[in-house]
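Structure first, then comments.
The values are calculated or read from the model by the stated rules, or taken from the named source; none is laboratory data. Since this is a predicted model, take the numbers as computed values, not measurements. Every residue, glycine as well, gets a Cβ built from its backbone with ideal geometry; the counts of neighbours run over all protein chains shown.
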Amino acid sequence: MGARQAEVILSTFFRKYPPYRFEYIYKGGSGNLLYRTGAYYTGQDQYQVYVLMHRRTDKRVVIHSLQFRKA
């Protein structure tokens, strides 16, 4: 999936399920890989969030994978 397509999908998701609150549950990593888990709350629903990131050689962090699962 390209960046533009991901942007459209995320924009649609956040319009449909606007945020009420977000909590980090766990932060970890190994080497250049970083991951986070969290809980995303809307007015009536909760989603588990998983983010996998990669730290590039120029120190920038790039999202490799982002998942939302309804809890």
Report summary line: Checked segment 42-54 for anything surrounded by 14 or more Cβ atoms within 10 Å (Cβ to Cβ) and either among the hydroxyl-bearing types (Ser, Thr, Tyr) or modelled with pLDDT under 95 (or both); matches are THR42, TYR47, TYR50
Query - Residue count, segment 2-20 (criterion: surrounded by 10 or more Cβ atoms within 10 Å (Cβ to Cβ) and not hydroxyl-bearing (Ser, Thr, Tyr)) - result: 8
Report task. Please state which one of THR57, THR12 is of a type in the set (Ser, Thr, Tyr), at pLDDT 95 or above and not in a strand (DSSP E or B). Result -> THR12
Requested in this report: Find the residue count for segment 15-26, including only residues that are under 12 Å from the mean Cα position of the chain (by Cα) and without any contact (Cβ under 8 Å) to a residue 24 or more places away in the chain.
Outcome: 2
